[in-house]
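Where a number appears in this text, it was derived from the coordinates with a stated rule and is not lab data. Remember, predicted model here, so these are calculated numbers, not experimental data. Note: ideal-geometry Cβ built from the backbone for every residue, glycine included; neighbour counts use all protein chains shown.
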Amino acid sequence: MLNLILKDILIQKKSLFIGFVYSLFVFLIFKTNTFPQENGKFIFGAVSIAYIFATYSIEYDEKNNCHWILNSLPLRRKEIVLAKYISLVIYNVIGISMMLITGRILSIIGFNLGNYVVDLKSILYVFQSTFLAFSFFYPIYFKISYSKTRYINTIVYLTVVFLPSFFDFLFKNMEGISNLKFLFEMTLNKWDITQQSMLLAFIIAFTVISVFISIRNYSEKNF
């Protein structure tokens, strides 16, 4: 399984360049208050870069018929599925690192990126968003081909990334729901450790269920 993860990482030269350009785009184009979350630009950029890496890995496998090759080797299909989920951890680390490095370089050059400090909550939000998105998508992907599911992948990603901004826009432009707006802001920015732990536990449980469904779907798939 380690070799499968390494394969997914070593093919990412193109993604590294795209990710760096994307991190510049996020810092220089979006305003600090574009996103309702604290450190919203950082979270959005890191999640998007992780998405770029994960999606490229899937597209590479489809383009080069990797599943045909992998299934002709002495590998269990469970290992192929688990490698995709474990690779998400690495993609998140890369996305977070690229945003931190790019932000630091731009700050040294003299760009005003606003006052933000990347904390544990922001990093958790990156991991939670990515795993939530792909825990929805992977069971579908392992059931049918990526060519039939690429639009689902995009929709899931956009939903996870932009849903908080949509609700923020909604609350700002509709009267009579100020209490809901207050609860929404509390949810994004002021959760205590208990609430954060509950969300983390939910996403871990959801990911575990997703893994089992993906393994079942891929095991039943014919090549």
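Figures for the structure shown
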read-out: Pairs of lysine residues in region 21-145 - Cα separation under 30 Å, sequence separation of 8 or more or cross-chain; value: 10
read-out: Residue-span extension gain [ASN64 to ILE11] - 0.36 nm each, minus C-alpha spacing; value: 17.9 nm
read-out: Order by protection proxy (mean Cβ within 10 Å, highest first), peptides 44-54, 86-96, 206-216; value: 44-54, 86-96, 206-216
read-out: Debye intensity ratio in log₁₀ form over the Cα atoms of region 1-88, taken at each q of 0.24 Å⁻¹; value: -1.14
read-out: Burial ordering of MET98, MET198, fewest other beta-carbon atoms within 10 Å first; value: MET198, MET98
